[in-house]
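The values are calculated or read from the model by the stated rules, or taken from the named source; none is laboratory data. Here the structure is a predicted model, which means the values were calculated and not measured. Neighbour counts run over all protein chains shown; Cβ positions are idealised from the backbone, glycine included.
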């Protein structure tokens, strides 16, 4: 077994464990931390594939900005620990078989897609090319998106302050 395969197996196990932890956690903050674990493991998997730019964006955008917004919303809503209830009969008799069918179908489509994949992508694009494209051709949508996120954050702060003063 090569070192790359060993690192892949470790990162894949961390991603799956984080995803399972995300679902099983009772407290929303712990779920958000589990989601950050999944995002960091996925960034490591992107690095193994040689996609440094995608890995960096994964950490900065998803692991950083989006998760800060998730945690902010959780704190704003004052979400507490979730109560556990018994599984409803509909979820037991309909949801579990549909989940099994979904997993089998996903395995089929992933297996089918991997049979037709080439070993390497035909057009290799460097990080420099992507950054030039982002900051020359798409600079307006990029800045507009950051401006909209800032407005949403300020709006949430105003709403939170208004509820505290009442």
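For the reader, a short list of remarks on this structure follows.
- Criterion (loosely packed, with under 14 Cβ neighbours inside 10 Å, part of a helix (DSSP H, G or I) and in contact (Cβ under 8 Å) with a residue 12 or more places away in the chain) met by exactly one of 73, 16: 73
- Total residues in the range 112-140, condition loosely packed, with under 10 Cβ neighbours inside 10 Å and either at pLDDT 80 or above or in contact with a strand residue (DSSP E or B) (Cβ under 6 Å, 6 or more places away or on another chain) (or both): 3
- Filter pass, residue 1 being out of contact with any strand residue (DSSP E or B) (no Cβ under 8 Å at 6 or more places or on another chain) and not in a helix (DSSP H, G or I): yes
- Residue 22 being under 12 Å from the mean Cα position of the chain (by Cα) and either outside any helix (DSSP H, G or I) or surrounded by fewer than 18 Cβ atoms within 10 Å (Cβ to Cβ) (or both): yes
- Test for residue 146: is it within 25 Å of residue 52 (Cα to Cα), modelled with pLDDT under 80 and either in contact with a strand residue (DSSP E or B) (Cβ under 8 Å, 6 or more places away or on another chain) or not in a helix (DSSP H, G or I) (or both): no
- Every residue from the range 32-54 that is assigned to a helix (DSSP H, G or I) and over 12 Å from the mean Cα position of the chain (by Cα): 44, 45, 46, 47, 48, 52, 53, 54
- Figure legend. Inter-residue proximity from the range 20-32: first residues closer than 14 Å to residue 63 by Cα, second residues not in a helix (DSSP H, G or I), beta-carbon distance below 7 Å, spacing 6+ or different chains. Indicated pairs: 31/25.
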